[in-house]
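**Q** Before I ask anything, here is the structure I am working with.
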Amino acid sequence: MELRVRDGRAVLAGEDPSGDHQGEREVDPHSLPLGADLAEALHEWAKVADAVVRTETPADGVASALVARRGKQLAGRIAAVMNTPIRYTDPVSGELVSVEAPEASEEAVDEPSPVQTSVEEEPEPTPWGTGLTVTVITAAIVTVTVVSLSLGLGETSLWLALVANVLVVGGLAPSVWLGRNVPVWRWVAYGVATGVLVAWLALILTLL
């Protein structure tokens, strides 16, 4: 079975088990026993992946890497639920990767000891200091960039400045959306979103 993106929707392709049609058949994740949460996560990922493919912006590789990483994670979840290897086609690069189903070992079946349980359940501390520093620096850079670009284009045409802002936000949106839950990149995503909002607020104040 293979995970693909088709017209902004996630599909799973495989051999038609009924034998009525030759070759493979693509099905919606909702039609398989994957669970509603996993099916919705697949379609959400597919929408963002399709936006990354369609958006014509300078390729920094961040959005593509996040799409690939999220796709492999979802393919691994499908493999675990269905207990079968899943092939994953990267919607950006077209690379085909095979994700194996996790094997249940005898140790996993045994009841874990209290020491093991306490270690596994201990949450990883959130690096607020470092994370917020990255967020503030990113927000400052984005704010200065957007304001400078808008004011420069605004001297020529307000409509040109508005279009430029829409294009900038549209190009950054897929990366911000994908990075909001990634441990490291979420701080950058928070900074980008904050910087855009602060820049727009500053531009509105200059018009008053």
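**Q** Listed highest first by mean packing, meaning other Cβ atoms within 10 Å per residue, what order do 38-51, 74-87 come in? Mind showing how you got there, number by number?
**A** Details: 38-51: 19.3, 74-87: 17.6.
So the order, starting with the most tightly packed, is 38-51, 74-87.
**Q** Pulled fully out, how much extra length does the chain show between Arg54 and Glu26, if you take 0.36 nm times their separation in residues and subtract their Cα-Cα distance?
**A** On the way: separation 28, 0.36 × 28 = 10.08 nm, distance 2.23 nm.
Between Arg54 and Glu26, full extension yields 7.9 nm more.
**Q** Here is a follow-up. Keeping all protein chains in place and using 1.4 angstrom, which order do Thr143, Thr206 fall into by accessible surface area, from largest down? Write down the numbers at each step before the final one.
**A** Values: Thr143 30, Thr206 90 Å².
Solvent-accessible surface, decreasing: Thr206, Thr143.
The values are calculated or read from the model by the stated rules, or taken from the named source; none is laboratory data. None of the values given here were measured: they were computed from a predicted structure. Neighbour counts run over all protein chains shown; Cβ positions are idealised from the backbone, glycine included. Just the protein is used for accessible areas: all its heavy atoms, side chains included, with ligands, DNA and RNA removed. Shrake-Rupley method; radii C 1.70, N 1.55, O 1.52, S 1.80 Å.
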